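Only one structure is covered here, and it is reproduced in the block below.
Derivation of every value follows stated rules applied to the coordinates shown; laboratory data play no part. Not measured: the values here are computed from a predicted model. Cβ sites come from the backbone with ideal geometry, for glycine too, and all protein chains shown count toward neighbours.
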Amino acid sequence: MDNEGVPRPPAIEVDHFGISVADLGRSLDFYCRVLGAVLVIPPRPVDNFDFRRAVLTFDGSMVIDLNEHAANPGEAFDPSRTGLDHLAFRAPSYDALIAWVALIDVEGVSHSPIRVIDGVGEGFDFCDPDGIQIELWHMDRSGEWANVVRRKVVASRSEPPAT
């Protein structure tokens with residue numbers, strides 16, 4: 001499809017990804033104890049959705065949402081089936097995020113309104129052709145969320161390893 005004169009915005013980057021899990025406690029144990037992830041937000045219900053989420057990071061470089069959906073029957077992951085919860089990409093600035101909205105509009109892709117989360121940033125959602133949810137996100141690097149992540153990583157380095 002022709003972009004009808006809308007210039008391509010600056011390149012996007014991966015921001016975070018979410019994994020649907022059958023047992024949040026078991027997954028937290030694996031990612032934190034085995035792989036060394038830092039728990040940023042402990043398990044909690046997610047408003048307006050029927051699942052619980054915990055948020056992890058590895059040295060602040062990549063954030064992972066672990067999502068335990070109430071409707072998950074506990075089946076094992078099957079790589080031959082679609083199974084990603086969502087994929088998020090980072091826009092380098094708010095202006096770039098707005099430019100991406102314009103391009104997505106021109107391409108005829110339905111999307112959510114931009115939502116603002118104070119102290120975190122702004123983002124919007126849309127789906128790929130298979131229905132996989134994609135978030136395009138601009139994070140406020142000086143905001144509350146960035147500071148929470150930094151504090152958790154620093155604290156994790158000063159604590160003795162769990163036994």
Simple label model, 7 Å out from Cα along Cβ direction - Cys32 to Arg8, nm: 4.2 nm
Difference of contour (0.36 nm per residue) and Cα-Cα distance, Ala70 to Asn48: 6.6 nm
Virtual spin-label span in nm between Asp59 and Phe89, 7 Å along Cα→Cβ: 2.6 nm
23 Å tail of the calculated P(r), the stretch 1-156, as % of Cα pairs: 43 percent
0 to 90° range, to nearest 10: angle between helix 144-158 axis and the chain longest Cα axis: 30 degrees
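Between Glu107 and Ala146, what's the calculated FRET efficiency when r is the beta-carbon distance and R0 is 45 Å? Round to 0.05.
0.90
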Gln133 versus Ile41: modelled label distance in nm, points set 7 Å from Cα along the beta carbon direction: 1.2 nm
Using alpha-carbon coordinates, inclination of helix 94-106 to the longest axis of the chain, degrees: 60 degrees
Helix-only [θ]222 nm of the chain, DSSP H runs n ≥ 4, -39500 (n - 2.57) each, per residue, nearest 500: -6000 deg cm²/dmol
